[in-house]
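The values are calculated or read from the model by the stated rules, or taken from the named source; none is laboratory data. Model, not experiment: these values are computed from the prediction. Note that each Cβ is placed from the backbone with ideal geometry, even for glycine, and that neighbours are counted across all protein chains shown. Protein only, heavy atoms only, side chains kept; ligands, DNA and RNA dropped before computing areas. Shrake-Rupley method; radii C 1.70, N 1.55, O 1.52, S 1.80 Å.
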Amino acid sequence: MTDPVASSEIRVPHSAFLTDTFGRRHNNLRISVTDRCNLRCTYCMPEDVTFLDRSELLTFEEITQFVKVAATLGVDKVRLTGGEPLMRKGLHKLVRMIAEVPGIADIGLTTNGLLLAEQAAELYDAGLRRLNVSLDTLDPGRFRELSRRDGLDRVLAGLETAKRAGFAPIKVNAVAIRGYAELDVVPLARYCRENGFEMRFIEYMPIGAEVWERDKVFFAQEILDLIGREVCPLNSTKSDHTAPAVDYEYSDACGRVGVIASVSRPFCQQCNRLRLTADGKVRNCLFALDEADAKALLRSGGPVGAALADMIRRSVWEKWEGHAFNTAQFVKPDRTMHAIGG
Ligand code: SF4
């Protein structure tokens, strides 16, 4: 835990943008709107999880107030995550509230897709434009093994409905775990090619409830080799250098595939992300061991704009160079993925 006295003595420059000591500008805010989920993915959360009480969750008004302050500091991208964000009732209302915040140019959502068929149209009407759907397999048996629930058919129905609603491109995110990926990478790549979705494979990271084993990581190069061999050769293509994914295009120009190689090709040098948890904590990294309590400020009753701006600036200024899970120094955060948000 950072020493509050030392930390408060650090002078944080008041620049127009949220920049850390490594010169990284932070304009991308990931907001977890709930820790609840209707799946129990083995690499994310324990089966017998205890969720936050509703009173612990930031209200839509508090989240929007935070976004307003962050926007004055140069944040222009917001991604809504969970748990499963579509379990938060009336989420389209929050999308509309954030879409009206001056300076916010881009709103995205990461969902497991189970509730997408019911909500895709109202989310699109509210101003949501970017959609990532988490789907690790097209096999019902492995779906149940990995997520400890059924629901593959509802995810596929959600993807179809979202496509009809106008979302494009829709990205499909799959966590590649050895023992599954060998069977799922090719069918998923083919499915996305045939349906006009962009496939993203994510290397398995130590952010879940189970003990992480490096041997269970199915590495980016193995994924690319498999697709190049079994689906269609791939050519590297231009990627947004701040985005976690490195993109490739099929040599026949029929689609793109991305890999998020946090283990084998860490991308912390270009990180532009900070996070707000469902219970109002500011995290400057997915693997952060410290948090700042924005909820206490937001519920302090007084005008909080300046104090909240200072808190956000300080959190970014104190950000470390990157995750350390390739080193012996790595300490796993207390929170698991469902309580942080992707
Ligand atoms: S591990 Fe932390 S610093 Fe690295 S890319 Fe992810 S959020 Fe950014």
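Below are the figures for this structure:
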| item | result |
| --- | --- |
| Flagged links, alpha-carbon separation over 26 Å, of Lys77/Lys319; Lys77/Lys238; Lys171/Lys295; Lys281/Lys319; Lys295/Lys319 | Lys171/Lys295 |
| Value of [θ]222 nm, deg cm²/dmol, for the chain, DSSP H segments ≥ 4, -39500 (n - 2.57) each, nearest 500 | -9000 deg cm²/dmol |
| Value of relative contact order over the stretch 254-302, rounded to a whole percent, pairs C-alpha under 8 Å and six or more apart | 21 |
| Using θ = phi - 60° and Karplus 6.51 cos²θ - 1.76 cosθ + 1.60, couplings along the stretch 288-295 (whole Hz; Gly, Pro as x) | 4, 9, 10, 9, 10, 8, 6, 4 |
| Sequence ranges 324-331, 262-269, ranked by mean other-Cβ count within 10 angstrom, highest first | 262-269, 324-331 |
| Peptides 40-52, 281-293 ordered by average Cβ neighbours within 10 Å, highest first | 281-293, 40-52 |
| For Leu18, distant residues with modelled amide H under 5 Å away | His26 |
| Rg to Rh quotient for the chain, alpha carbon positions, Kirkwood Rh | 0.95 |
| Dipole moment magnitude, nearest 20 debye, the chain about Cα centre, only Lys, Arg, Asp, Glu C-beta charged | 640 |
| Charge dipole (the chain, unit charges on Cβ, about Cα centre) - positive-most of Phe325, Leu91, Ser236 | Leu91 |
| Charge-dipole axis of the chain as Lys and Arg at +1 and Asp and Glu at -1 on Cβ define it, positive-most pick from Gly113, Ala292, Ala220 | Ala292 |
| Cross-link reach list, aspartates and glutamates versus Lys163, counting only Cα pairs under 16 Å and skipping chain neighbours closer than eight places | Glu118, Glu122, Asp125, Asp153, Glu194, Glu198 |
| Under 5 Å, built H, 5+ apart or other chain: amide partners of Arg79 | Leu29, Arg30, Ile31, Gly108 |
| Mean Cα-pair separation over length for the chain, i.e. relative contact order, pairs under 8 Å, 6 or more apart, % | 22 |
| Inter-part distance where the stretch 81-129 and the stretch 195-242 are each reduced to a Cα centre, Å | 26 |
| Helix axis angle, 152-165 relative to the chain longest principal axis, alpha carbon, degrees | 70 |
| Aspartates and glutamates with Cα under 13 Å of Lys216, excluding same-chain neighbours fewer than 8 positions away | Glu182, Glu203 |
| Amide H contacts under 5 Å for Gly255, placed H, 5+ residues apart | Tyr250 |
| Cα long-axis angle, helix 116-126 against the chain (0 to 90 degrees, to the nearest 10) | 50 |
| Rounded percent of accessible protein surface that carbon and sulfur make up, the chain, 1.4 Å probe | 54 |
| Cysteines having no other Cys beta carbon under 4.7 Å from their own, within the chain | Cys37, Cys192, Cys232, Cys254, Cys268, Cys271, Cys285 |
| In degrees, nearest ten, helix 60-72 long axis to first principal axis of the chain (Cα) | 80 |
| Residue (of Phe22, Val175, Asn38) at the positive-pole extreme of the chain, dipole from beta-carbon charges | Phe22 |
| Length-normalised contact order of the stretch 208-276 in % [C-alpha pairs under 8 Å, at least 6 apart] | 25 |
| Cα convex hull of the stretch 3-139, projected area averaged across orientations, nm² | 11.1 |
| Rounded accessible area per residue of the chain, 1.4 Å, Å² | 43 |
